[in-house]
Amino acid sequence: SKSIGNTIEPEEIQKQYGIEILRIWAASSDFTEDLRISDEIIKGSVETYRKLRNTVRYLLGALDGWTDEEAVAPKEMPGLERWVLHRLAELDGQVKAAYTVYDFKRVMSLLINFAGVDLSAVYFDIRKDSLYCDPRFDTMAAWDKATAVFGTRRRAARTVMAAVLERLLTWLAPVMPFTTEEAFLESHLKDRAASVHLLLYPETPDGWMNPELAARWTKIFTVRRVVTGALEVERRDKRIGASLEAAPVVHIADEDLIEAFEGEDPADIFITSGATLVNTAEGKGGGFTLDDTPGVVVYPEKAEGIKCRRSWKYFDPAGADPAFPDITPRDALAVKAWDKTHR
């Protein structure tokens with residue numbers, strides 16, 4: 001109470017951290033109970049703001065030069081992109097329902113988890129190679145069939161990121177009005193309205209919801225978590241410097257788990273230069289396991305070959321394009337498409 005001097009003035013928080021931090025604190029608090037505030041709680045709100053702002057900032061960078069002409073229909077997208085669309089469809093209903101009953105704490109919990117786990121720790125991490133190294137849309141005139149496979153993957157990733165950004169900005173606008181307005185004015189959305197606060201919630205197609213696909217990716221991420229744990233040990237013990245130096249062999253006893261990877265490249269998902277899945281129990285012994293994921297054993301073998309100067313993946317130079325012997329065939333396709341359209 002003010003009488004005993006244990007209060008924090010809102011003006012103090014505004015001066016030190018900015019008004020958005022105070023709004024995040026308020027939105028993250030349960031107003032049905034006594035509200036708690038302290039320096040530590042405010043620092044938590046600062047960290048929440050940092051994570052959400054960095055997520056939006058990453059999306060703005062990844063979408064540089066985006067136009068709707070680049071968009072790919074969901075049916076043409078890889079499974080990972082369709083999983084993100086499923087998560088957007090889930091969140092769309094959950095966030096709107098929470099706002100309807102003024103459950104701001106629920107909104108913040110949903111969006112913090114989505115930004116920190118689904119996006120930053122999973123989707124952005126997996127797709128950064130595609131964004132940096134797959135053929136760009138502005139080289140499409142020079143694509144052949146092989147180039148189009150990788151170019152379409154990058155287009156799909158940017159299509160999904162455009163959908164994510166639009167929804168994040170509209171969902172976060174009531175809580176972070178200044179930050180979302182600033183981002184809106186830097187985005188491809190700026191011509192749709194005079195302000196982010198005049199945008200309507202985007203319609204989310206029913207077809208994005210796909211529980212069966214989501215269940216399959218839950219299995220994939222279960223295996224990925226074990227592989228990530230194994231690679232962290234290898235880095236900690238300085239046997240590798242980065243995950244791309246590895247080509248893990250993963251023994252998976254559960255046939256359903258290994259079938260979940262059908263049609264997917266496990267090396268892309270694990271962010272390694274190669275990966276082998278074996279449908280057996282533990283092999284030679286001494287592999288990495290997690291207690292809560294029985295039946296998945298990882299042997300983090302070193303990747304063979306040479307290091308690509310463009311993507312940093314290790315590959316067999318015997319399969320390289322003779323004109324580009326020091327980069328992977330995928331990277332060679334991207335470079336050739338660029339040269340044909342920009343020189």
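The values are calculated or read from the model by the stated rules, or taken from the named source; none is laboratory data. Fair warning: this is a prediction, and the values are worked out from it, not measured in the lab. No Cβ is skipped: glycine too gets one built from the backbone with ideal geometry, and neighbour counts run over all protein chains shown.
Looking at Ile220, Ile258, can you tell me which residue is out of contact with any helix residue (DSSP H, G or I) (no Cβ under 7 Å at 6 or more places or on another chain) and either at pLDDT 95 or above or part of a strand (DSSP E or B) (or both)? Explain how you work it out, then say what you get.
On the way: Ile220 fails: out of contact with any helix residue (DSSP H, G or I) (no Cβ under 7 Å at 6 or more places or on another chain).
Result of the check over Ile220, Ile258: Ile258.
Could you list all residues from segment 245-255 that are closer than 23 Å to Asp125 by Cα and in a helix (DSSP H, G or I)? Within segment 245-255, Glu245 is the sole residue that qualifies.
Residue by residue through segment 311-334, note down the ones that are in a helix (DSSP H, G or I) and of a type outside the set (Asp, Glu). Full working, then the answer.
Here is the first cut: in segment 311-334, the residues in a helix (DSSP H, G or I) are 317-319, 329-334.
Result: Pro317, Ala318, Gly319, Pro329, Arg330, Ala332, Leu333, Ala334.
When you look at Ile306, is it of a type outside the set (D, E, K, R), under 22 Å from Ile126 (Cα atoms) and out of contact with any Ser or Thr (no Cβ under 8 Å at 6 or more places or on another chain), yes or no?
Numbers: of a type outside the set (D, E, K, R): yes; under 22 Å from Ile126 (Cα atoms): yes; out of contact with any Ser or Thr (no Cβ under 8 Å at 6 or more places or on another chain): yes.
Here the answer is yes, as Ile306 does meet what is asked.
Within segment 140-158, can one find any residue that is within 26 Å of Arg50 (Cα to Cα), surrounded by 17 or more Cβ atoms within 10 Å (Cβ to Cβ) and under 21 Å from the mean Cα position of the chain (by Cα)? Walk me through it before giving the result.
Here is the first cut: in segment 140-158, the ones within 26 Å of Arg50 (Cα to Cα) are 157-158.
Of the ones still in play, those that are also surrounded by 17 or more Cβ atoms within 10 Å (Cβ to Cβ) are 157-158.
After this cut, where a residue has to be under 21 Å from the mean Cα position of the chain (by Cα) as well, the list is 157-158.
Within segment 140-158 (the criterion being within 26 Å of Arg50 (Cα to Cα), surrounded by 17 or more Cβ atoms within 10 Å (Cβ to Cβ) and under 21 Å from the mean Cα position of the chain (by Cα)), the answer is yes, since at least one residue qualifies.
Against the list (1) within 19 Å of the chain's Cα centre (by Cα); (2) not assigned by TED's automatic domain parsing to the domain that holds Tyr123, the condition Ala230 fails is (1).
When you scan segment 148-159, do you find a residue that is farther than 28 Å from Ser273 by Cα and either in contact with a helix residue (DSSP H, G or I) (Cβ under 7 Å, 6 or more places away or on another chain) or among the aromatic types (Phe, Trp, Tyr) (or both), even just one? Write out each step before concluding.
In the first step, residues of segment 148-159 are kept if they are farther than 28 Å from Ser273 by Cα; the result is none.
No: zero hits.
Within the set Val101, Val72, Val84, the sole residue that is within 17 Å of the chain's Cα centre (by Cα) and either buried (at least 19 other Cβ atoms within 10 Å of the Cβ) or assigned by TED's automatic domain parsing to the domain that holds Leu189 (or both) turns out to be Val84. Identify the residue in segment 173-212 that is of a type in the set (Val, Ile, Thr) and part of a loop (DSSP other than H, G, I, E, B) and, among all such residues, is nearest to Arg82 (Cα to Cα). Once the filter is applied, the top-ranked residue is Thr204.
Taking the criterion of being closer than 15 Å to Ala26 by Cβ and of a type in the set (Val, Ile, Thr), the only residue of segment 90-111 that qualifies is Val107. Screening Pro177 against (1) closer than 16 Å to Met77 by Cβ; (2) assigned by TED's automatic domain parsing to the domain that holds Gly93; (3) at pLDDT 95 or above; (4) not acidic (Asp, Glu) leaves a single unmet condition, (1). Note on segment 191-248: among residues that are free of Cβ contacts under 8 Å to residues at least 60 places away in the same chain, surrounded by 13 or more Cβ atoms within 10 Å (Cβ to Cβ) and among the polar types (S, T, N, Q), the one that is nearest to Cys308 (Cα to Cα) is Ser243.
Scan segment 51-68 residue by residue and report those that are exposed (fewer than 12 other Cβ atoms within 10 Å of the Cβ) and either in a helix (DSSP H, G or I) or under 18 Å from the mean Cα position of the chain (by Cα) (or both). If the condition is that a residue be exposed (fewer than 12 other Cβ atoms within 10 Å of the Cβ) and either in a helix (DSSP H, G or I) or under 18 Å from the mean Cα position of the chain (by Cα) (or both), then Gly61, Asp64, Asp68 are the ones that fit.
Failed condition for Val164, given (1) in contact (Cβ under 8 Å) with a residue 60 or more places away in the chain; (2) buried (at least 21 other Cβ atoms within 10 Å of the Cβ); (3) over 18 Å from the mean Cα position of the chain (by Cα), with all others met? So the condition that Val164 fails would be (3). Residue count for segment 28-50, restricted to those that are buried (at least 16 other Cβ atoms within 10 Å of the Cβ) and either part of a helix (DSSP H, G or I) or in contact with a strand residue (DSSP E or B) (Cβ under 6 Å, 6 or more places away or on another chain) (or both): 6.
Scanning segment 278-292 for residues that are closer than 16 Å to Leu231 by Cα and either surrounded by 13 or more Cβ atoms within 10 Å (Cβ to Cβ) or charged (D, E, K, R) (or both) yields a count of 4.
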